[in-house]
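First comes the structure, then the notes that go with it.
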Amino acid sequence: SSTANAKAGPRIVILGPPACGKGAQTNAIRAAFGVAHISSGECLMTAMQSASAISDAIASEWKEGSVSDGTTVKALMERLQSSENLSSGWLLDGFPRTAAQAELLVSSGFTADKVICLSMPSEALVEKQTGRRMDPATKAVYHIGSNPPADEEVRSRLITLPGDEKTTVSKKVDSFFSELDGVLTAFKSISGLKVQTFDASLETSSLADSVKAFVASP
(Lines give C-alpha, C1' and ligand atoms only; values in the text may rest on other atoms or scores of the structure.)
Protein backbone atom coordinates (compact mmCIF):
# COMPACT_ATOMS: atom_id res chain seq x y z
CA SER A 1 0.00 0.00 0.00
CA SER A 2 1.05 3.62 -0.44
CA THR A 3 1.17 4.15 3.34
CA ALA A 4 3.67 1.32 3.65
CA ASN A 5 5.93 3.04 1.11
CA ALA A 6 5.60 6.51 2.65
CA LYS A 7 8.55 7.47 4.83
CA ALA A 8 7.62 6.84 8.44
CA GLY A 9 8.60 9.30 11.15
CA PRO A 10 10.90 8.39 14.06
CA ARG A 11 9.55 6.06 16.75
CA ILE A 12 11.03 7.08 20.08
CA VAL A 13 10.63 6.02 23.70
CA ILE A 14 11.76 8.39 26.45
CA LEU A 15 12.24 7.10 30.00
CA GLY A 16 13.41 8.92 33.10
CA PRO A 17 12.92 9.07 36.87
CA PRO A 18 10.84 11.79 38.57
CA ALA A 19 12.44 15.28 38.57
CA CYS A 20 14.97 14.46 35.84
CA GLY A 21 13.66 17.16 33.47
CA LYS A 22 11.98 14.72 31.07
CA GLY A 23 9.24 17.24 30.20
CA ALA A 24 11.74 19.75 28.81
CA GLN A 25 13.42 17.07 26.65
CA THR A 26 10.02 15.84 25.44
CA ASN A 27 9.13 19.38 24.34
CA ALA A 28 12.48 19.76 22.54
CA ILE A 29 11.96 16.49 20.62
CA ARG A 30 8.38 17.39 19.67
CA ALA A 31 9.44 20.81 18.43
CA ALA A 32 12.38 19.45 16.41
CA PHE A 33 10.75 16.40 14.82
CA GLY A 34 6.99 17.08 14.84
CA VAL A 35 6.23 13.67 16.37
CA ALA A 36 2.97 12.76 18.12
CA HIS A 37 3.38 12.84 21.90
CA ILE A 38 1.84 9.76 23.53
CA SER A 39 1.61 8.91 27.22
CA SER A 40 -0.27 5.97 28.70
CA GLY A 41 -2.60 8.14 30.83
CA GLU A 42 -3.62 10.43 27.99
CA CYS A 43 -3.94 7.43 25.64
CA LEU A 44 -6.37 5.69 28.02
CA MET A 45 -8.47 8.86 28.41
CA THR A 46 -8.72 9.25 24.62
CA ALA A 47 -9.48 5.55 24.05
CA MET A 48 -12.18 5.66 26.73
CA GLN A 49 -13.98 8.43 24.83
CA SER A 50 -14.08 6.38 21.61
CA ALA A 51 -16.94 3.98 21.03
CA SER A 52 -14.97 0.74 20.87
CA ALA A 53 -14.46 -2.56 22.67
CA ILE A 54 -11.33 -1.16 24.31
CA SER A 55 -13.24 1.83 25.73
CA ASP A 56 -15.64 -0.51 27.56
CA ALA A 57 -12.73 -2.52 29.02
CA ILE A 58 -10.98 0.65 30.21
CA ALA A 59 -14.18 2.07 31.76
CA SER A 60 -14.99 -1.10 33.71
CA GLU A 61 -11.40 -1.56 34.95
CA TRP A 62 -11.17 2.13 35.88
CA LYS A 63 -14.26 1.66 38.10
CA GLU A 64 -12.42 -1.18 39.86
CA GLY A 65 -9.55 1.20 40.66
CA SER A 66 -6.87 0.69 38.01
CA VAL A 67 -6.50 -0.26 34.37
CA SER A 68 -4.60 -3.51 33.76
CA ASP A 69 -1.29 -3.58 31.91
CA GLY A 70 -2.89 -5.75 29.21
CA THR A 71 -5.61 -3.19 28.45
CA THR A 72 -3.14 -0.29 28.62
CA VAL A 73 -0.80 -2.01 26.13
CA LYS A 74 -3.74 -2.78 23.80
CA ALA A 75 -4.83 0.88 23.80
CA LEU A 76 -1.26 2.08 23.24
CA MET A 77 -0.63 -0.35 20.37
CA GLU A 78 -3.83 0.83 18.60
CA ARG A 79 -2.70 4.42 18.98
CA LEU A 80 0.93 3.85 17.93
CA GLN A 81 -0.12 1.93 14.83
CA SER A 82 -2.68 4.48 13.60
CA SER A 83 -1.75 5.73 10.13
CA GLU A 84 -1.30 9.41 11.13
CA ASN A 85 1.02 8.52 14.01
CA LEU A 86 3.04 6.16 11.82
CA SER A 87 3.63 8.89 9.24
CA SER A 88 4.46 11.72 11.71
CA GLY A 89 6.38 9.39 14.03
CA TRP A 90 5.72 9.27 17.75
CA LEU A 91 7.29 9.81 21.15
CA LEU A 92 6.12 7.36 23.82
CA ASP A 93 6.62 9.18 27.11
CA GLY A 94 7.36 7.36 30.38
CA PHE A 95 6.05 3.92 29.40
CA PRO A 96 6.76 1.07 29.99
CA ARG A 97 7.42 1.64 33.69
CA THR A 98 7.94 -2.04 34.57
CA ALA A 99 9.61 -5.08 33.05
CA ALA A 100 6.19 -6.80 32.89
CA GLN A 101 4.77 -3.91 30.82
CA ALA A 102 7.80 -3.98 28.52
CA GLU A 103 7.43 -7.73 27.97
CA LEU A 104 3.71 -7.29 27.17
CA LEU A 105 4.51 -4.51 24.68
CA VAL A 106 7.17 -6.58 22.93
CA SER A 107 4.94 -9.66 22.73
CA SER A 108 2.22 -7.45 21.18
CA GLY A 109 4.56 -6.66 18.28
CA PHE A 110 5.86 -3.29 19.56
CA THR A 111 8.80 -1.84 17.64
CA ALA A 112 10.70 1.43 18.01
CA ASP A 113 13.85 3.04 16.62
CA LYS A 114 15.36 4.73 19.66
CA VAL A 115 15.11 4.64 23.44
CA ILE A 116 16.28 7.70 25.37
CA CYS A 117 17.10 6.97 29.02
CA LEU A 118 17.60 10.01 31.25
CA SER A 119 19.63 9.25 34.35
CA MET A 120 20.81 11.13 37.42
CA PRO A 121 21.98 10.07 40.91
CA SER A 122 19.00 9.21 43.14
CA GLU A 123 20.07 11.66 45.89
CA ALA A 124 20.14 14.56 43.39
CA LEU A 125 16.66 13.66 42.09
CA VAL A 126 15.21 13.47 45.59
CA GLU A 127 16.81 16.81 46.53
CA LYS A 128 15.47 18.41 43.34
CA GLN A 129 11.91 17.19 43.84
CA THR A 130 11.61 17.62 47.62
CA GLY A 131 12.99 21.17 47.38
CA ARG A 132 10.04 22.32 45.25
CA ARG A 133 7.61 24.77 46.85
CA MET A 134 4.48 26.49 45.58
CA ASP A 135 3.14 29.94 46.34
CA PRO A 136 -0.59 29.25 46.98
CA ALA A 137 -1.45 32.85 46.08
CA THR A 138 0.05 32.84 42.56
CA LYS A 139 0.58 29.09 41.96
CA ALA A 140 4.21 29.94 41.03
CA VAL A 141 6.64 27.08 41.72
CA TYR A 142 10.04 27.72 43.33
CA HIS A 143 12.93 25.63 44.58
CA ILE A 144 14.28 26.44 48.03
CA GLY A 145 17.81 25.54 46.96
CA SER A 146 18.20 26.70 43.36
CA ASN A 147 15.38 29.19 42.81
CA PRO A 148 13.99 30.67 46.05
CA PRO A 149 11.67 33.71 45.91
CA ALA A 150 13.43 37.01 46.62
CA ASP A 151 10.43 38.35 48.52
CA GLU A 152 10.39 37.44 52.23
CA GLU A 153 6.58 37.54 52.36
CA VAL A 154 6.31 35.06 49.46
CA ARG A 155 8.91 32.81 51.09
CA SER A 156 6.91 32.68 54.33
CA ARG A 157 3.74 31.40 52.63
CA LEU A 158 5.31 28.68 50.41
CA ILE A 159 3.90 25.18 50.69
CA THR A 160 5.21 21.71 49.76
CA LEU A 161 3.32 20.19 46.85
CA PRO A 162 1.48 16.93 47.48
CA GLY A 163 3.65 14.06 46.31
CA ASP A 164 6.88 15.98 46.97
CA GLU A 165 7.39 14.51 50.43
CA LYS A 166 10.75 12.77 50.75
CA THR A 167 9.42 9.24 51.35
CA THR A 168 7.06 9.43 48.33
CA VAL A 169 9.76 10.78 46.01
CA SER A 170 12.41 8.28 47.18
CA LYS A 171 9.97 5.42 46.58
CA LYS A 172 9.19 6.58 43.02
CA VAL A 173 12.88 7.11 42.17
CA ASP A 174 13.87 3.69 43.58
CA SER A 175 11.00 2.02 41.73
CA PHE A 176 12.10 3.57 38.41
CA PHE A 177 15.71 2.38 38.73
CA SER A 178 14.77 -1.08 40.05
CA GLU A 179 12.56 -1.73 36.99
CA LEU A 180 14.79 -0.12 34.34
CA ASP A 181 17.11 -3.09 33.72
CA GLY A 182 14.14 -5.39 33.17
CA VAL A 183 12.55 -2.90 30.75
CA LEU A 184 15.76 -2.58 28.70
CA THR A 185 16.29 -6.36 28.75
CA ALA A 186 12.79 -6.89 27.30
CA PHE A 187 13.56 -4.30 24.61
CA LYS A 188 16.75 -6.14 23.54
CA SER A 189 14.66 -8.46 21.36
CA ILE A 190 13.47 -5.51 19.21
CA SER A 191 15.49 -5.64 16.01
CA GLY A 192 17.49 -2.49 15.18
CA LEU A 193 16.51 -0.66 18.38
CA LYS A 194 19.17 1.76 19.66
CA VAL A 195 19.27 2.65 23.36
CA GLN A 196 21.26 5.54 24.80
CA THR A 197 21.55 6.84 28.35
CA PHE A 198 22.00 10.58 28.92
CA ASP A 199 23.20 12.44 32.00
CA ALA A 200 20.11 14.44 33.00
CA SER A 201 22.13 16.70 35.28
CA LEU A 202 23.53 18.51 32.21
CA GLU A 203 22.23 21.96 31.37
CA THR A 204 18.79 21.61 29.65
CA SER A 205 19.63 23.00 26.20
CA SER A 206 22.96 21.20 25.78
CA LEU A 207 21.27 17.96 26.90
CA ALA A 208 18.53 18.64 24.32
CA ASP A 209 21.18 19.05 21.59
CA SER A 210 22.64 15.61 22.42
CA VAL A 211 19.19 14.00 22.61
CA LYS A 212 18.12 15.52 19.26
CA ALA A 213 21.38 14.40 17.61
CA PHE A 214 20.71 10.84 18.82
CA VAL A 215 17.13 10.90 17.45
CA ALA A 216 18.37 12.24 14.08
CA SER A 217 21.22 9.73 13.80
CA PRO A 218 20.77 6.74 11.45
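Roughly to the nearest percent, how much of the accessible area of the stretch 50-92 is carbon and sulfur, given a 1.4 Å probe? Answer for the stretch 50-92: carbon and sulfur cover 52 percent of the accessible area.
Computed from backbone phi with θ = phi - 60° and the Karplus coefficients 6.51, -1.76 and 1.60, the 3J(HN,Hα) list for the stretch 208-218 is 4, 4, 5, 5, 5, 5, 5, 4, 6, 5, x Hz; x is used for glycine and proline.
Taking every protein chain into account, the accessible area of the stretch 44-202 amounts to 54 square angstrom per residue (probe 1.4 Å). Expressed in Å, the radius of gyration and Dmax of the Cα atoms of the chain are 19.1, 65.
Within the accessible area of the stretch 150-218, the carbon and sulfur atoms contribute 54%, probe 1.4 Å, all protein chains present. Here, P(r) means the percent of Cα pairs in each 5 Å bin from 0 to the largest distance; for the stretch 87-183 it is 2, 11, 17, 15, 14, 12, 11, 9, 6, 2, 1, 0.
Per-residue packing, averaged as other Cβ atoms within 10 Å, sorts the ranges 82-89, 205-212 into the order 205-212, 82-89, beginning with the highest. Here the stretch 129-179 has an Rg and Dmax of 12.9, 43 Å, counting Cα atoms alone. When you restrict to C-alpha pairs under 8 Å that are six or more residues apart and normalise by the size of the stretch 97-218, the relative contact order lands at 44 percent.
Sequence-ordered 3J(HN,Hα) estimates for the stretch 12-23 from the Karplus curve with 6.51, -1.76 and 1.60 and θ = phi - 60° stand at 10, 10, 10, 10, x, x, x, 6, 8, x, 5, x Hz, glycine and proline given as x. Taken over the alpha carbons of the stretch 1-123 as equal point scatterers, the Debye sum produces base-10 log I(q)/I(0) values at 0.09, 0.11 Å⁻¹ of -0.27, -0.40. Pairs with C-alpha atoms separated by more than 26 Å, drawn from the list Lys171/Lys212; Lys171/Lys194; Lys74/Lys194; Lys74/Lys171; Lys22/Lys188, are Lys171/Lys212; Lys171/Lys194; Lys74/Lys171. Helices in the chain, meaning DSSP H runs of at least 4 residues, each add -39500 (n - 2.57). Divided by all residues, the mean residue ellipticity at 222 nm is -15500 deg cm²/dmol.
The values are calculated or read from the model by the stated rules, or taken from the named source; none is laboratory data. Not measured: the values here are computed from a predicted model. In this analysis, Cβ positions are derived from the backbone assuming ideal geometry, glycine residues included, and neighbour counts consider all displayed protein chains. Side chains are part of the model used for accessible areas, which takes the heavy atoms of the whole protein and leaves out ligands, DNA and RNA. Shrake-Rupley method; radii C 1.70, N 1.55, O 1.52, S 1.80 Å.
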